[in-house]
Amino acid sequence: MNFIDVYENDYGNVIVLPMDSMLRVVLEEKQLTGYRWQVKDKSSSLEMVSHKFYAKNDQVKRAAGVAIFYFKPINPGRCTLVLKLRRSWEGDKTIVRRFRIAVVIISD
């Protein structure tokens, strides 16, 4: 399986994703603050298959680290992937950052 990696500095870019690849989105997150990255809308072209958090310091669980999202393509086409960094229990008024990319899914 091939992975196409994207990071926060890829904000606004167009990402070409072959059908036989996975999209891996890596974003910095500080879980102790309560702010978590969340996918804004479901897509008919991409399916989130996994979401994991890795702390930078193993001694302090849920400290600063990276949130990693894995998406698999469902069918060829174009979609926009948007994630929001917010406190889920307080809603969109707490959004502090957004991440957005355009994804073009191509046949193998």
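Please treat every number below as a calculation from the coordinates, not as lab data. In this text, all values refer to a predicted model and were calculated from it rather than measured experimentally. No Cβ is skipped: glycine too gets one built from the backbone with ideal geometry, and neighbour counts run over all protein chains shown.
For the range 3-108, applying the loop criterion from DSSP together with a ceiling of 15 other beta carbons within 10 Å to the chymotrypsin sites (Phe, Trp or Tyr not before Pro) yields TYR11.
Could you give the nm distance between label points at SER44 and THR80, where each point is 7 Å from its Cα heading toward the beta carbon? Roughly 1.7 nm, to one decimal. Given the alternatives [x] 25, 16, 11; [y] 35, 15, 7; [z] 31, 16, 13, semi-axes √(5λ) of the Cα gyration tensor in Å as computed for this entry is given by [x].
Hey, quick one: spin label on THR94, modelled 7 Å out along Cα-Cβ, who in the range 1-40 has an amide N within reach, i.e. under 14 Å? Inside the label zone: 30-38. In this calculation the C-beta distance from VAL16 to ARG87 is compared with R0 = 30 Å, giving a FRET efficiency of 0.35. Pairs of lysine in the range 2-106 with Cα under 12 Å and at least 8 positions apart or on different chains: total? Lysine pairs meeting the criterion: 4.
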